[in-house]
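The block underneath contains the structure these notes are about, expressed in structure tokens.
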Amino acid sequence: MITRAEAAYLGARRAFQNPMLDLLHKRHAPLVVSLLSVVFTAERPAVPVADAHAEVADALEHLRAAGLGDELPAGTARELCRQWSDAGWLVRQVLDDDVEVYRLSAHAVGALDVAGRAGGTGARVSRSRVRTLLDAVERLADDADPDVMVRVARMQEEIDRLRAGVARIERTGTVDAVDDEQLLEEAHNVLHLARELPADFARVAESIRSIQREVVTALRQDLRPTGDVLREYLAQGERVMDSTPEGRAFAGALRLIGDPEQLDALSSRLDVVLRHAFARGLPAQQRAELGEIVRRIELGLEQVLTAQREASYVITAQVRNHDPLRDRQVDELLRDVMSGLQAWLPTSRRGQGVEALRRAPVAEAGHLRESLDDLRGEQAPEPLVAWEDDGAVPDEEARAWGGPHYAELDRHLAALARRLGIDGAGGSGGSGEVDGSGGSLDVAAAFAAGPTALRRPVDLLGLLEIAHRRGMSETGEVAYVEAVRPDGTRRRFAFGAATTRTRDQHEDEDDA
């Protein structure tokens, strides 16, 4: 039977295997905490890999110049960042624009929060923190108690208390003043609560990425149907938001950010706090943290939503392009590469060159399978089957529903011009049903003067096309015509009134 001391020791040893406590337990923990807090800020949660290496190298140079070289670990900035990534403090990620970045893991965010609180001067026990605890316990008791009458009595007590407060303020016209010391305690409590949010958001994002890796692995192994794997993924995604404290914190923050009025109210209240006289007693860094609470919530939400989008994209691409045989071949190839690297690294030296592979290896096929079951040579394809209606001329009904009758429209315009005595060169003679002046015909009147077979809607388009080709002039008015379809139905159209020449421009030039 395990004693209490043994159980406590085993539990503490498991706790110190957590990357967060492992970071704080390391010999160079102050350096790691300081560099990570300098490189990663609330405004810049993701840093390109090259920039992170350069900033860490610059910080190391400044520390060495300050005489702290003996306390620094050996290795370059790139090697240190790789070590931090292997230890679970940094997460490498490739963005949509193929830029590789570093992000703080949830363990690193928690370690930075612990180090920041441990280095602060605020009291660990304060009135505001105890009140926060009492309010939380009260809400928990209310939610857990199913007695309706008890719930109604508590709500009535709260209503009576609020009414008494309103009556006192209306009677005295003043509000009970709160001393600056208590306001500072409450501000420190707000900062304490706000500092825990980034770690919660990071844990939710890492939970989503962990689920993504499990789903992709299950799809690649091809041991279960794809539908079962996706259903389990959706169920796990829902449980992440309901079964963990950080998931519930994210769900609550998501409801907050989805209500613009509530978010604006939070921002307005923070502005009121910062404008108060007691806020001048806070350090500049804490005042900045108070002002950035809304921004910190938005960044945390964006981090989780980005993880969700990336997980959906990766899983969708895996389902769409899933090929078990090809995946197994890729896995085998990667294992061969890793085995080759493990065999080569112990015998290599630093800076040793590696001869590049100039071309892909060629498979040596000893014998190709041949099939001689069909000894006939290549033959011409079968002739096309003749259709019964090949070469048939469309009947009159089909023609009536066809395109414009350009030739008939051209002859109609010519006959109309002769009837009106228009010579096409600009003269006019006589008058008739259709007005013509200056060697021009009114398009709407010409269309209306045509026979029924030339007054289809499609013939109106053909007439406008002929008029445009001959030199159409718009009058600025609106013309109305009535077209007749082959089935006898009528349709009224409106268009910009215009006139057209009776002959083409090149014909006039030839006559001249």
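What the table below lists for this structure:
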{"item": "Selection count, segment 441-472, where residues are exposed (fewer than 14 other Cβ atoms within 10 Å of the Cβ) and either assigned to a strand (DSSP E or B) or outside the structural domain of residue 494 (by TED's automatic domain parsing) (or both)", "result": "0"}
{"item": "Failed item in (1) under 60 Å from the mean Cα position of the chain (by Cα); (2) at pLDDT 85 or above, with residue 451 passing the rest", "result": "(1)"}
{"item": "Filter result for residue 143 (loosely packed, with under 10 Cβ neighbours inside 10 Å, closer than 30 Å to residue 110 by Cα and outside the structural domain of residue 279 (by TED's automatic domain parsing))", "result": "yes"}
{"item": "Test: residue in segment 380-401 that is modelled with pLDDT of 80 or more and closer than 30 Å to residue 463 by Cα", "result": "yes"}
{"item": "Hits in segment 82-101 - residues which are small (Gly, Ala, Ser) and buried (at least 16 other Cβ atoms within 10 Å of the Cβ)", "result": "87, 88"}
{"item": "Per-region count, segment 256-311, residues in a helix (DSSP H, G or I), within 27 Å of the chain's Cα centre (by Cα) and of a type in the set (Asp, Glu)", "result": "5"}
{"item": "Set 224, 248, 203, 231: member being outside any helix (DSSP H, G or I), of a type in the set (Lys, Arg) and modelled with pLDDT under 80", "result": "224"}
{"item": "All helices (runs of 4 or more DSSP H) inside segment 80-188 with 3 or more residues being at pLDDT below 70", "result": "106-118, 127-144"}
{"item": "Test for residue 474: is it among the charged types (D, E, K, R), within 29 Å of residue 502 (Cα to Cα) and either under 56 Å from the mean Cα position of the chain (by Cα) or at pLDDT 65 or above (or both)", "result": "yes"}
{"item": "Some residue of segment 213-223 being in contact with a Ser or Thr (Cβ under 7 Å, 6 or more places away or on another chain), under 30 Å from residue 308 (Cα atoms) and not hydrophobic (A, V, I, L, M, F, W, C)", "result": "no"}
{"item": "Selection status of residue 270, modelled with pLDDT of 80 or more, of a type outside the set (S, T, N, Q) and surrounded by 11 or more Cβ atoms within 10 Å (Cβ to Cβ)", "result": "yes"}
{"item": "Of all residues making up segment 65-81, the number that are surrounded by 13 or more Cβ atoms within 10 Å (Cβ to Cβ) and either farther than 16 Å from residue 102 by Cβ or of a type in the set (Gly, Ala, Ser) (or both)", "result": "3"}
{"item": "Single residue of 342, 285, 262 found to be modelled with pLDDT of 80 or more and surrounded by fewer than 13 Cβ atoms within 10 Å (Cβ to Cβ)", "result": "342"}
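The values are calculated or read from the model by the stated rules, or taken from the named source; none is laboratory data. Since the model is a prediction, treat every value here as computed from it, not as a measurement. With ideal geometry, Cβ positions are generated from the backbone for all residues, glycine too; neighbour counts draw on all protein chains shown.
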